């Protein structure tokens, strides 16, 4: 085996500070596996890092990519649960302390020392990636790597809708922001029986709003042309039982609080790099439960893998481009300019 590989590497904290370059194939530790990457999905956070608009610390140089699946190429001497040739998908918590109360109670996604692939440790936009065996989940032969690579955003959505929120059949659910996470949140709400299920976006999101209907939304709203609050109250004057805010901006949280019913829920998933003031008075006046939702843990992944393998998540309507690693800039730009919802890179094609 050669000792180097091509990888998409953020080398500097500046716009344009990412490039395709030769990197060493990692040497694994005793509790790690060497994973040959079958597919890696581009996340919005990857695009933010490329354009230096991210709001989290990044340890450069770092190989991008945290949504990946592949085949075990080698195992560390202490690894007993996986062997060479296994088909797997990886969680994102590349490093956790393992000792804090959060880690010890299974909430390692909230470990204060957590570092993720693609910003804290080298990620999967390469032929090979070093992965702690604890991060891996086996996947069936029937689940292709391009779909399996979407397990991570599906797990984010599962956590937001089914762990940090309550959705009952017949509940009105509103999703604000039809990006990949918002669309998967809509799918999770549809699987839970939400009805009506309303997905809202802006004029530039019209193609994504059409995709939301394929995923189970019963109504979409272009907020540049319609008043979301009026639409919601046309179904129920009190408002929605759950509003999930996934837009990646601050101001839509204010809209979410307005359209939630008294005693309802607002769950915020999208990161907000801006600091726009938000009127929080409806939170108190209507006794709303405001909940943040971050990342995911083991059990959610097992359920998401099952849903993907059974064809319940419909990832084929999300993926708009599959291409080789050398074409990474086109894959990123297609997502940034909303030509596609999700791009997939195939490093070993």
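Structure notes:
- Taking segment 99-200 as the region of interest, the helices (runs of 4 or more DSSP H) fully inside it that hold 1 or more residues being touching a strand residue (DSSP E or B) at 6+ places or on another chain (Cβ under 8 Å) and buried (at least 19 other Cβ atoms within 10 Å of the Cβ) are 145-148, 151-158, 180-191.
- Residue 73 fulfils the conditions (1) touching a strand residue (DSSP E or B) at 6+ places or on another chain (Cβ under 7 Å); (2) assigned to a loop (DSSP other than H, G, I, E, B); (3) touching a residue at least 40 places away in the same chain (Cβ under 8 Å); (4) farther than 25 Å from residue 180 by Cβ except for a single criterion, (2).
- Qualifying residue in segment 41-52 (condition: in contact (Cβ under 8 Å) with a residue 12 or more places away in the chain, within 18 Å of residue 349 (Cα to Cα) and either under 23 Å from the mean Cα position of the chain (by Cα) or not assigned by TED's automatic domain parsing to the domain that holds residue 68 (or both)): yes
- All helices (runs of 4 or more DSSP H) inside segment 238-349 with 2 or more residues being in the same structural domain as residue 160 (by TED's automatic domain parsing): 252-259, 281-285
- Residue 265 meets each of the listed conditions (1) more than 30 Å from residue 231 (Cβ to Cβ); (2) crowded, with 16+ Cβ neighbours inside 10 Å apart from (1).
- Considering 16, 29, 85, the condition of being closer than 30 Å to residue 272 by Cα and more than 23 Å from the chain's Cα centre (by Cα) is satisfied by 16 alone.
- Members of segment 81-98 found to be surrounded by fewer than 21 Cβ atoms within 10 Å (Cβ to Cβ) and part of a strand (DSSP E or B), listed by number: 87, 95
The values are calculated or read from the model by the stated rules, or taken from the named source; none is laboratory data. The shown structure was predicted, so the numbers you read here are calculated from the model rather than taken from an experiment. Note: ideal-geometry Cβ built from the backbone for every residue, glycine included; neighbour counts use all protein chains shown.
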